[in-house]
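The values are calculated or read from the model by the stated rules, or taken from the named source; none is laboratory data. Because the structure is a prediction, the values reported are computed rather than measured. Cβ placement follows ideal geometry from the backbone for every residue including glycine, while neighbour counts extend to all protein chains displayed.
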Amino acid sequence: MPKRAFITGITGQDGSYLAELLLAKGYEVHGLVRRSSSFNRGRIDPIYLNAEAGERLFLHYGDMTDGVSLVNLILEIRPDEVYNLAAQSHVRVSFEMPEYTASADGIGTIRLLEAIRAAKLDCRFYQASTSEMFGATPPPQAEDTIFYPRSPYAAAKLYAHWMTVNYREAYDMYAVSGILFNHESPRRGETFVTRKITKAVAAIKAGVQDVLMLGNIDAVRDWGYAKEYVEGMWRMLQADEPSDYVLATGVGTTVREFVEMSFEHADLDWHDYVMFDQRYERPTEVDALIGDPSKARDQLGWKAETGVRELARLMVDADVAALAEGFGTQPR
């Protein structure tokens with residue numbers, strides 16, 4: 001019997017890459033999908049084109065705000081591994097929707113942990129934590145760094161993080177948190193700053209967009225490649241003992257530098273196209289997030305391989321290709 005995995009947030013960037021990874025490893029993969037009047041499965045639909053892999057991929061309707069649906073799915077699927085990637089993950093939006101963010105990201109994790117505990121299921125649980133939990137704490141940030149969340153999103157994620165630790169210690173569950181620093185790809189949502197930048201570069205290069213509006217371009221982030229980070233998630237659940245890990249490159253880059261790299265790759269001068277818009281600034285800014293991935297390197301053998309310049313180039317190339325093909329939504 002193949003291992004069975006359950007992924008919440010399977011239609012997102014990380015969920016789609018993780019589904020591909022697990023299917024390639026022979027898993028049977030089940031994913032949680034929110035019901036809506038329109039389909040949002042562009043990232044995972046190509047998996048069904050692979051007949052062999054498609055036969056081991058199953059999608060289920062449910063929601064992180066609906067505990068009954070989670071209980072029923074856990075009882076039905078009885079997974080060996082659970083990856084909780086579902087979230088309202090946009091930091092700026094969390095200021096406008098703090099209650100929903102808390103319910104989906106914070107309490108939603110409790111609903112899922114309780115569903116596993118109530119089912120008396122012997123499975124391994126992965127919680128998608130975030131570098132945003134460190135907030136105002138100066139870098140470098142590691143597993144034992146003090147948290148200082150600066151947004152409703154970060155606060156909700158911090159609650160979920162500590163509850164995962166609590167369930168591990170109180171109920172002897174194999175439950176881990178991956179504290180992932182920013183990880184990007186051509187599948188990144190278009191409202192996130194890196195994808196917003198590379199998509200704009202492609203559109204400006206094609207002559208269909210004139211300017212790019214951005215907020216704080218002096219913020220420093222640690223950007224890696226999402227496709228590599230899901231490998232780290234999987235490795236966390238293969239370890240003998242559960243523990244929490246930071247995944248990062250260890251290199252800080254400003255938004256300004258990412259802009260410059262992206263426009264330069266398309267032979268454009270970013271100064272001619274980028275304008276400041278205060279609407280994109282956060283009420284409380286996080287100045288610098290740079291991770292220390294030493295523990296993951298030493299204990300899991302995981303290391304980020306793709307540098308930020310290479311990442312910017314591959315994202316620009318993907319958006320240019322997508323625009324040339326007549327669609328600009330979710331390139332591979």
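Looking across the stretch 109-139, the residues that are over 16 Å from the mean Cα position of the chain (by Cα) and part of a helix (DSSP H, G or I) come down to I110, R111, L112, L113, E114, A115, I116, R117, A118. Name the residues in the stretch 160-212 that are closer than 20 Å to T306 by Cα, at pLDDT 95 or above and among the small types (G, A, S), would you? Those that are closer than 20 Å to T306 by Cα, at pLDDT 95 or above and among the small types (G, A, S): G178, S185.
K295 meets all of the listed conditions (1) of a type outside the set (G, A, S); (2) modelled with pLDDT of 95 or more; (3) farther than 29 Å from A155 by Cα but one, namely (3).
The condition (being more than 16 Å from the chain's Cα centre (by Cα), at pLDDT 95 or above and part of a helix (DSSP H, G or I)) is satisfied by just one residue among E52, E20, E76: E76.
Taking only the stretch 63-90 into account, find how many residues are crowded, with 20+ Cβ neighbours inside 10 Å and within 16 Å of G12 (Cβ to Cβ). Selection size over the stretch 63-90: 9.
Screening G178 with (1) touching a Phe, Trp or Tyr at 6+ places or on another chain (Cβ under 7 Å); (2) more than 24 Å from V93 (Cα to Cα); (3) not in a helix (DSSP H, G or I) gives one miss only, at (2).
Count of the stretch 122-147 residues, restricted to those that are crowded, with 24+ Cβ neighbours inside 10 Å and on the phi > 0 side of the Ramachandran plot, is 0.
Could you tell me how many of the residues in the stretch 91-101 are touching a Gly at 6+ places or on another chain (Cβ under 9 Å) and crowded, with 20+ Cβ neighbours inside 10 Å?
The initial filter retains those residues of the stretch 91-101 that are touching a Gly at 6+ places or on another chain (Cβ under 9 Å), namely 92.
Pick out the ones that are also crowded, with 20+ Cβ neighbours inside 10 Å and you get none.
The number of residues fulfilling the criteria is 0.
Exactly one residue out of R195, R150, R221, R168 is surrounded by 20 or more Cβ atoms within 10 Å (Cβ to Cβ), in contact (Cβ under 8 Å) with a residue 24 or more places away in the chain, within 15 Å of A318 (Cβ to Cβ) and basic (K, R): that is R195. Of all residues in the stretch 102-111, exactly one satisfies the criterion of being crowded, with 20+ Cβ neighbours inside 10 Å and among the polar types (S, T, N, Q), namely T109.
Being touching a Pro at 6+ places or on another chain (Cβ under 9 Å) and either of a type outside the set (K, R) or not assigned by TED's automatic domain parsing to the domain that holds P152 (or both) narrows it down to one of G252, G307, G326, so name that one.
Details: G307 fails: touching a Pro at 6+ places or on another chain (Cβ under 9 Å); G326 fails: touching a Pro at 6+ places or on another chain (Cβ under 9 Å).
None of the other options fit; the residue is G252.
Answer yes or no: is there a residue in the stretch 224-240 that is over 23 Å from S131 (Cα atoms) and among the hydrophobic types (A, V, I, L, M, F, W, C). No, the stretch 224-240 contains no residue that is over 23 Å from S131 (Cα atoms) and among the hydrophobic types (A, V, I, L, M, F, W, C). Regarding the stretch 228-245, can at least one residue be identified that is modelled with pLDDT under 95 and part of a helix (DSSP H, G or I)? No, the conditions are met nowhere in the stretch 228-245.
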